[in-house]
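Visitor: Once you've had a glance at the structure underneath, I'll fire off some questions.
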Amino acid sequence: MQALQCDRYGTTDDVRLVHCEEPSAPGPHEVIIDVAYASVSHATGLMIAGRYQTKPALPFIPGTEAVGHIVSVGESVTRLKPGDPVVAIADWGCYAERIKVPEYTVYPVPRGLPLLEALPVPISYGTAYCGLLWRCAMQPGETVLVLGAGAGVGLAAVELAAQMGADVIACASTQQKRSEALLRGARGVVAPDASLAAEVKAMTEGRGADIVVDPVGGELFSWALRAAAPNARLLSIGFASGVLPQVPANIMLVKNLTLHSFFYGRYIGWTPADERIVHAPALQRAMQTILGWARDKRIRPTVTQVYPITELGSALGALHSRQVIGKVALTIRQETKP
């Protein structure tokens, strides 16, 4: 089979297309997937550079999210069968025509939902859904301010919060991204600048946001802190800006704010303890809900740019330009159904 292989930590110049052996027969709780498409994310570039919290032994095949069809299943797997369309989360290895993964983070794609529309669900939409509900206990009618709302987790948070009855204000860097957030359910939009707090308060009759979703970090976190309502919850998901935010304890104190840190990787096996089995039932229920909403067009997970398997560098470049709306993917194999 064909695969992209990283031979040394560095840049995409250190990743090459190779021919390698297909996976061996699945173990009792494993499945083999014929991969159609795989996501490209900021984590992809960090893993290739050797700067992600998970550092695979060299050489390795990058890619952490894939969609395709089941080829074979282990003897203890009952949820899935050969031929089923599925979307999956892996530690790495998705930039290959076939991948063998534990069944615990593999999710059936509902009939009628195209594979590319299912691809962004497990990581981006899973992160937003679990962060909003599991960590912040979001309630219908609350005001949710979403930073970085133009792509990935941010755009997913806009859609999901609106779907679950929240009043959403989206903060994004370009007019095009802000317009897209309005189409996805935001009732108001703001730019990521020093006027953020004043604009959010003007939209909320002076009160501010009940929940702030932050996948960006940096100075934007400080501006958003001032846009938070008393007793608000702050959801820190990541640091796409590349800068860790400074948390002014005095503002946290006087406004009775709660900071929720959220590492989704804990639920999908990306920790040394590998807790994916423990959290699998809850995540399977969450994915069934989100994928069902996608099938019913209540949300619109979108891959807006698809590159050939040989153009990982271009795909990451587009992502890093921060002009992308939605997600970026690689085509791994044109025809996947066994």
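Each reported figure results from applying straightforward, stated rules to the coordinates on display, with no laboratory input. For clarity, every value in this text was computed on a predicted model and none was experimentally measured. Note that we place each Cβ from the backbone using ideal geometry, even for glycine, and neighbour counts take in every protein chain shown.
Visitor: Over the Cα atoms of the stretch 151-241, compute the convex hull volume and normalise it per residue, giving Å³.
Guide: 87
Visitor: Would you work out which of 41, 316, 173 lies farthest towards the positive end of the dipole of the chain, given +1 charges on the beta-carbon of Lys and Arg and -1 on that of Asp and Glu, about the Cα centre?
Guide: 173
Visitor: Let me understand the stretch 213-338 better: what is its radius of gyration from the alpha carbons, and its Dmax, in angstrom?
Guide: Here Rg and the maximum Cα pair distance are 18.8, 60 Å.
Visitor: A further question on this structure: From the gyration tensor of the Cα coordinates in the stretch 75-221, what semi-axes in whole Å does the equivalent ellipsoid have, largest first, with each one equal to sqrt(5λ)?
Guide: Those come to 34, 15, 14 Å.
Visitor: Pick from 88, 151, 57: which is most flexible by mean-square fluctuation in a GNM of the chain where alpha carbon atoms under 10 Å apart are linked?
Guide: Of 88, 151, 57, the Gaussian network model singles out 57 as fluctuating most.
Visitor: To the nearest µm²/s, what D does Stokes-Einstein give for the stretch 1-131 at 4 °C and 1.567 mPa s, using the Kirkwood radius over alpha carbon pairs as Rh?
Guide: Calculated translational D: 86 µm²/s.
Visitor: Shifting gears a bit: Taking the alpha-carbon set of the stretch 121-175, what are its Rg and Dmax in Å?
Guide: Every Cα atom of the stretch 121-175 included, Rg and Dmax give 10.3, 31 Å.
Visitor: Per 0.36 nm of contour for each residue apart, how much would the distance between residue 25 and residue 254 grow if the chain were fully extended, relative to their Cα-Cα spacing?
Guide: That pair, residue 25 and residue 254, stretches by 76.6 nm at full extension.
Visitor: For a label point 7 angstrom out from the Cα of residue 175 toward its Cβ, which stretches of the stretch 141-163 have the backbone nitrogen within less than 18 Å?
Guide: Label zone hits: 150.
Visitor: Run through every distinct alpha carbon pair of the chain and return the Kirkwood hydrodynamic radius in angstroms, one decimal place.
Guide: 20.3
Visitor: Out of the DSSP beta bridges found with both residues in the chain, what percent are antiparallel (nearest 5)?
Guide: The answer is about 55 percent antiparallel.
Visitor: Considering only 257, 25, 268, whose Cα is most displaced toward the positive end of the charge dipole of the chain, charges sitting on Cβ of Lys, Arg (+1) and Asp, Glu (-1)?
Guide: After comparing all options, I get 257.
Visitor: Residues of the stretch 96-134 with amide nitrogen under 11 Å from the 7 Å Cα-to-Cβ point of residue 333?
Guide: Backbone N within reach: 96-100.
Visitor: Which lysines, if any, have their Cα less than 30 Å from the Cα of residue 297, not counting same-chain residues under 8 positions apart?
Guide: Cross-link targets: 81, 177, 327, 337.
Visitor: So what does log10 I(q)/I(0) come out to for the stretch 18-70 at q = 0.12, 0.13, 0.16, 0.27 Å⁻¹, using the Debye formula with one equal point on every Cα and no solvent?
Guide: -0.35, -0.42, -0.63, -1.15
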